[in-house]
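The values are calculated or read from the model by the stated rules, or taken from the named source; none is laboratory data. Keep in mind it's a predicted model, so treat the numbers as computed, not measured. Using ideal geometry, Cβ is built from the backbone for each residue, glycine included, and neighbour counts are taken over all protein chains shown. Ligands, DNA and RNA are excluded from the accessible area calculation, which covers all protein heavy atoms including side chains. Shrake-Rupley method; radii C 1.70, N 1.55, O 1.52, S 1.80 Å.
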Amino acid sequence: TGANNPYVLGMKLIDPLGNGTWSSVQFTVDSGATGPTSVGVPAGPNNPAGYVNAATQTAATIVAAFAAPTDPADQIALSVDGLNLGTQAGGSDTLSWTGDLSSLPDGTLQILGTITDPNGVQTTFTGSLIKDTMPPPAPAVAGVVGPPPNTITPQNASCVNVAVAFNQAPDPADTVTVTLSDGSNSVQGSAPAGDGQVTVSCMDASSLSTGPVSVTVTVTDVAGNSVTFTGTPAVKVDCQHQGDN
């Protein structure tokens with residue numbers, strides 16, 4: 001609980017004749033519990049570390065990691081931006097809370113924790129998370145670059161380029177992922193969104209069957225929010241003249 005080593009308080013009583021008598025009492029100083037080495041949102045299957053997004057806001061996970069196991073008698077409470085996520089007993093070096101943060105605004109939110117030891121001494125600790133539930137803008141157009149346009153020929157099948165364009169400029173840090181699929185097999189490629197005129201380059205579509213090929217674009221922001229857009233379908237041909245206009 002953070003208690004220091006015992007101290008000894010001594011007192012000498014001297015009577016009128018000059019005789020001295022010593023007495024002592026032992027005591028400890030409780031300086032409170034030791035706070036965690038880190039507290040925040042861990043990376044999950046639907047969010048990067050530090051972020052709560054649209055997919056995770058109703059069941060956001062916050063983890064406090066300690067350098068050593070906490071005292072089982074400690075009571076550890078956690079809140080986010082004033083929203084109480086509950087109190088639990090210590091006993092482990094890693095404690096986890098799950099809470100519905102959908103009522104809180106987007107932005108940087110403060111995490112506040114309180115450890116109350118068996119003597120009632122409280123220790124506070126803080127952290128933060130970023131809540132971002134807004135999806136990135138969707139593309140306006142997407143299609144296989146020719147020649148011919150929207151056609152995958154034997155000559156270019158091993159290095160297919162897909163152009164993606166936005167009407168509303170995305171964040172340059174957004175990731176644009178293109179999936180080409182013949183219905184049974186698929187290939188993917190990714191590129192940063194940049195200025196909103198993106199070419200996802202050199203995807204190997206050799207394994208796709210001849211015939212219709214769907215073009216699907218997924219845009220994902222740094223918080224893990226995503227939007228999906230269906231581009232112009234392509235066709236894979238087995239000889240060059242089939243795709244000529």
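Kirkwood-type hydrodynamic radius, the chain: 22.7 Å, calculated from all non-identical alpha-carbon pairs.
One decimal place: the segment ALA73-THR230 gains 51.0 nm when fully extended, by the rule 0.36 nm per residue minus the C-alpha distance. Judged by a Cβ-Cβ distance under 4.7 Å, the unpaired cysteines of the chain are CYS239.
Pairwise over distinct Cα atoms, reciprocal of the mean inverse distance: report the Kirkwood radius of segment 58-115 in Å, one decimal place.
About 12.0 Å, per the Kirkwood formula over Cα pairs.
Mean separation of Cα pairs under 8 Å and 6 or more residues apart, divided by the residue count, gives segment 92-206 a relative contact order of 20 percent.
At 0.36 nm per residue, and after removing the present C-alpha to C-alpha distance, how many nm does the segment from ALA191 to ASP93 gain when stretched out fully?
31.3 nm
With all pairs of separate Cα atoms included, segment 19-124 yields a Kirkwood hydrodynamic radius of 15.5 Å.
On the basis of the beta-carbon distance and an R0 of 30 Å, ASP100 and ALA165 show a calculated FRET efficiency of 0.20.
Each of VAL145 and CYS202 was given a label point 7 Å from its Cα along the Cα-to-Cβ line. The distance between the two points is 1.2 nm.
Convex hull volume per residue, computed on the Cα atoms of segment 157-245, equals 98 Å³.
The mean sequence distance of close C-alpha pairs (under 8 Å, at least 6 residues apart), as a share of the length of the chain, puts its relative contact order at 16 percent. In this Cβ point-charge picture (+1 for Lys and Arg, -1 for Asp and Glu), the chain has a dipole of about 80 debye about its Cα centre.
Mind checking the full-extension length gain between LEU83 and SER214? Use 0.36 nm per residue of separation minus the Cα-Cα distance, one decimal, nm.
Here the segment from LEU83 to SER214 would lengthen by 42.7 nm.
Surface composition of segment 151-224: carbon and sulfur make up 46 percent of the accessible area, probe 1.4 Å. Here the scattering of segment 114-206 is modelled by Debye summation over its C-alpha atoms, one equal scatterer each and no solvent; at q = 0.25 Å⁻¹ the log10 of I(q)/I(0) is -1.23.
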